[in-house]
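Have a look at the structure below, then the notes.
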Amino acid sequence: MRGLFLAAVVVGLAVGGLVAGVRACSGGSEDEPEPADPGSPRGIAEEFATTWTRGDVAGLYLLLSTQSQGTYPVAAFQDAYDTFSRETTLEGLEATVTSIDGGAATLTVRMSTGYFGDLEYTTRINLAQTGTEWRVLWEPAAVHPEMAAGHHLDGVLEFPTRGRILAADGSELAATRELRMIGLNRSLVQDRVALVAALEPFGVGLAQVDAAFAAPGGPTQRVALGAVPGTVTDATLSQLTPVPGVVLFFQTQRVHPLGPAAAHVVGYTRELTAEELEQRKGQGYEIGDRIGAVGLESSQDEILVGKVGAELRVVDGAGATVKVLASRPFVEGQDVQTTLNPHVLQTAYARLGARAGSAVVIDPVTNAVLALNSSPAFDPDAFERNDAVALNALAAAPNGPQLNRATRGTYSAGSTFKLITGAAGLAFGGATTGDRYECGSIWRGVDPPRRNWEGAQGQLTIAEGLMRSCNPVFYQIGLDLYNDTDGKLSEMARLFGFGAATGVEGLGEEEGLVPDAQWKRANRDEAWFPGDEVNLAIGQGDLLITPLQLANAYSTFLAGVLRNPVIIAGKEATPRGELPLTEAQSAHLRRGLELVTSASGTASAAFANAGYNGFGGKSGTAEDAGEQQHVLFVAYGPAAAPRGVVAVVLDDGQSGSIEAGPMARDILIAALE
């Protein structure tokens, strides 16, 4: 019963502390009755109840009559209470005397159990006077009334296997498996140098051996070194059998087949803390049990973990069930299928490489998340096997590998926000698809004047402004919106989903920030100036977005409707609002995004000859604190009927088109494949 075979004395110590606490809370009122005369029937009954509550089985035996001690040797008496504790998964017990009837006492027993919840019952003990003393005439029914006539209690437990997390194609992203393990009995090791040499061909290095020797516990305690690589045959593994100290065994462990490629979205499990075990008391959890720590492992934990089945039976001498005293239904851990695409996850992981950043892929038709990657990543199974070497290295690693940048990282949108500015100008600012704006080398609409990053480009429509990512075009649209509307640029940003959680199920996320006059007044006690609107128009200033929001915003544009991203298969995206754009306005903006990847666009080099009859996209380069910049690229395709949107954000870089663009292209093609 998974190590819950607690000795009654050990259990009693915990219970005694509990009962003492209960009595202390009562305040020790003067109205409490005086202890009964120890030489009376009530006195011996109360002493029996108190001793049982304390868990002092040896003390209970001393209260038995000579006749009972002759009938039940101490070993049999101890076994009766040990078996009762084990089979009921006893965690705490309090016995009290409720009545005395001549030579018998009735006890009320309240107990808390690991798997059957809180139980309460009454039992009777017979009493006999020997000279001036009273003693207990004991029989097994004194433990529980159902333990008469040769009956005993039998606790039957059925443990669920944690459900799998599956990709959209049914392949495993997380599963519980029996692994062949290499371990160490440190007391038997004779030559550490020879030991390391023997283990190296099996992927176990000096650092792991040193960590095993430094692990707590006695020298004979088995310490796991790692799983046997799947390519190792039994014949090869047998080479380790004669090595002193090496132990081969099987161990159940949670595994994540894609490793770092899905670490942030799938997550990993961890052991319950002492406080969490206390909170789950009576629900079937024990020391060493694991729950989801982050990602889908955490958010879907209740579905994945299932419920322990528990039945406390009264069994006769032949092993037949006479009665069921308590039961809890068994629920197997359920699988959770996602919308994630393993090929796309692995492609995104490979393309991000060593760069700090993230990639998010969404199907704009269903708004399903196909991939969500953050870099640098980590091996989630290092947490499953409690690999001290790997976890210490992870804690010391730069760039925060455990941060999920895709949902928790906040960035300026840079020029990827120009789509929103163009939409606001067309929908709210009176701009038309035929209007042309001067794309000069310097724009003087506000002080100080602002330079255009690539110099003068002449008169451009909004679509052409997107193609060349011309700052002056969008500066002017932003200024017009400031002069002619009341916060409509910020309003459009929110219609695209910025400034609020996307609502994706199962992943914690930041809300980001869409600044406006009200926000600035409340947070800085300052007015909203034209320069604030102009900065916002090119995705700078106080605007903060997450990569997931960015991908969802472009999916929103393609669908015309803001929806929550979906990551659990079978769920549908819920509409949260429509974009106020006409068909002609949307077509004009799409034309601009598709020109970005054409021969005249800023990302032409990245998308030349990429196939699929064209793509749409937008680059961004945004200034951070100091001299650092981060770069962004959003791409979708095929242009005529998009089936994938990719947002790539790199924490530092010089050019969104040159650095993030090729990554977005390759990840998008993987999604379309």
If you take the residues in the range 169-184 that are under 21 Å from VAL232 (Cβ atoms) and among the small types (Gly, Ala, Ser), which one is nearest to the chain's Cα centre (by Cα)?
ALA175
Residues of the range 505-536 being open to solvent by 40 Å² or more (accessible area, probe 1.4 Å), over 23 Å from TRP443 (Cα atoms) and in a helix (DSSP H, G or I), in sequence order, are ALA517, GLN518, TRP519, ARG521, ALA522, ASN523, ARG524
Only residues that are under 28 Å from ALA227 (Cα atoms), open to solvent by 40 Å² or more (accessible area, probe 1.4 Å), outside any helix (DSSP H, G or I) and out of contact with any Pro (no Cβ under 8 Å at 6 or more places or on another chain): list them for the range 363-395, please.
ARG385, ASN386
Any helices (runs of 4 or more DSSP H) falling wholly within the range 179-287 and containing at least 2 residues that are open to solvent by less than 70 Å² (accessible area, probe 1.4 Å) and touching a helix residue (DSSP H, G or I) at 6+ places or on another chain (Cβ under 7 Å):
192-199, 206-214, 263-266
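Residues checked against (1) polar (S, T, N, Q); (2) assigned to a helix (DSSP H, G or I):
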| site | (1), (2) |
| --- | --- |
| ALA584 | no, yes |
| TYR612 | no, no |
| SER619 | yes, no |
| VAL631 | no, no |
| TYR636 | no, no |
| VAL645 | no, no |
Going through the range 613-636 one residue at a time, which ones are hydrophobic (A, V, I, L, M, F, W, C) and either at pLDDT below 95 or under 13 Å from ALA647 (Cα atoms) (or both)?
ALA622, ALA625, VAL631, LEU632, PHE633, VAL634, ALA635
ALA610 versus (1) at pLDDT 95 or above; (2) more than 30 Å from GLY267 (Cα to Cα); (3) among the small types (Gly, Ala, Ser): which is the lone unmet condition?
(1)
Here are some residues: GLY267, GLY292, GLY259. Which one is modelled with pLDDT of 95 or more, out of contact with any strand residue (DSSP E or B) (no Cβ under 6 Å at 6 or more places or on another chain) and closer than 30 Å to PRO376 by Cβ?
GLY259
Top-ranked residue of the range 155-175 - restricted to ones that are part of a strand (DSSP E or B), of a type outside the set (A, V, I, L, M, F, W, C) and modelled with pLDDT of 95 or more, ranked as most open to solvent (accessible area, probe 1.4 Å):
GLU172
Name the single residue that is surrounded by the fewest Cβ atoms within 10 Å (Cβ to Cβ) among those in the range 605-662 being in contact with a Pro (Cβ under 6 Å, 6 or more places away or on another chain) and of a type in the set (A, V, I, L, M).
ALA606
Considering each residue of the range 453-469, count those that are out of contact with any Cys (no Cβ under 9 Å at 6 or more places or on another chain) and either free of Cβ contacts under 8 Å to residues at least 12 places away in the same chain or among the basic types (Lys, Arg) (or both), and give that number.
0
Within the range 403-429, can you find the residues that are assigned to a loop (DSSP other than H, G, I, E, B) and touching a helix residue (DSSP H, G or I) at 6+ places or on another chain (Cβ under 7 Å)?
ASN404, GLY409, ALA413, GLY429
Being within 14 Å of LEU466 (Cα to Cα) and at pLDDT below 95 narrows it down to one of SER586, SER604, so name that one.
SER604
What are the residue pairs meeting all of these: first residue in the range 155-168, first residue over 13 Å from ARG290 (Cβ atoms), second residue among the small types (Gly, Ala, Ser) and open to solvent by 20 Å² or more (accessible area, probe 1.4 Å), Cβ atoms under 7 Å, and 6 or more apart or on different chains?
ALA168/ALA569
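The values are calculated or read from the model by the stated rules, or taken from the named source; none is laboratory data. Predicted model only: the values in this text are computed from it and were never measured. Note that each Cβ is placed from the backbone with ideal geometry, even for glycine, and that neighbours are counted across all protein chains shown. Ligands, DNA and RNA are excluded from the accessible area calculation, which covers all protein heavy atoms including side chains. Shrake-Rupley method; radii C 1.70, N 1.55, O 1.52, S 1.80 Å.
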